[in-house]
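Encoded as structure tokens, the structure appears first; notes follow it.
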Amino acid sequence: MDMLDSLIAESSTEFDIKPRTDMPAGVDGLCIGKTIIINANRTRTEQAQTLVEEISHQEISVGDILNPNDIESAKQETIARRRSFNRLVPLDKLVAAYWQSTNEFELADHLDVTVEYLFDVLAYYREKYGVIVKNNILINFANGIQILKA
């Protein structure tokens, strides 16, 4: 079972998830009531990324947020996107996958996300934690990701 199937299985009791091939250009997902429509023309990985963000919208967004020029809509988009990053690629999962990878392409593959999404996640974690995170390990987000054992 891939990430998309897992997300659908865990969310199908709460939401009606409908993959559609007739989505308008540039639209990957949309919430209408308790229905989440995802663009079935995208890869399964991209659909999973969209679905988790749309689930976040269902949980936190209020009103019509389709206008990207509206500040409140932009805030809700950012919050939903960040929640999707935390859900699909939590920091502990990122660290575990890092040790199994030799480059960002393999890392994205281990995490079942696109490389573009991974770079967005890394930019978010850089903003959230700063360039260097020290715990039992040292995570450097300055240029992609580098993890060293402390």
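The values are calculated or read from the model by the stated rules, or taken from the named source; none is laboratory data. All values derive from a computational prediction rather than experimental measurement. Positions of Cβ are generated from backbone atoms using ideal geometry, with glycine treated the same way; all protein chains shown enter the neighbour counts. The protein model used for the area step is the full one, side chains on, heavy atoms only, and it has no ligands, DNA or RNA in it. Shrake-Rupley method; radii C 1.70, N 1.55, O 1.52, S 1.80 Å.
Structure data summary
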read-out	value
Degrees between helix 71-88 axis and first principal axis of the chain (Cα, 0 to 90, nearest 10)	60 degrees
Angle between the chain longest axis and helix 115-129 axis [Cα atoms, degrees, rounded to 10]	70 degrees
DSSP beta bridges in the chain [antiparallel fraction, %, rounded to 5]	70 percent
Span from the the stretch 113-140 Cα centroid across to the the stretch 18-84 one, whole angstrom	23 Å
Highest-fluctuation residue, A97, A25, A74 considered, GNM on the chain with Cα pairs under 10 Å	A25
Student exercise, the chain dipole from Lys, Arg, Asp, Glu Cβ charges, in Debye to nearest 20	520 debye
Charge context of Y98, other residues only, Cβ under 13 angstrom, K/R +1, D/E -1	-2
The stretch 139-145 - phi-based ³J(HN,Hα) in whole Hz, Karplus 6.51/-1.76/1.60, Gly and Pro as x	10, 10, 9, 4, 9, x, 8
Average accessible area per residue (Å²) across the chain - probe 1.4 Å, nucleic acids and ligands excluded	57 Å²
5 angstrom amide H check on I36, placed H, neighbours 5+ away	D16, I17, K18
Computed over the chain: relative contact order in percent, which uses C-alpha pairs under 8 Å that are six or more apart	14 percent
Partner aspartates and glutamates for K128 [C-alpha distance under 19 Å; skip if fewer than 8 residues away on the same chain]	E53, E77, D92, E116, D120
Heavy-atom accessible surface of the chain: percent carbon and sulfur, 1.4 Å	51 percent
Segments 79-88, 49-58 sorted - mean Cβ within 10 Å per residue, highest first	49-58, 79-88
Computed over the stretch 62-150: relative contact order in percent, which uses C-alpha pairs under 8 Å that are six or more apart	16 percent
Helix 44-60 vs. the chain, principal-axis angle (Cα, 0 to 90°, nearest 10)	70 degrees
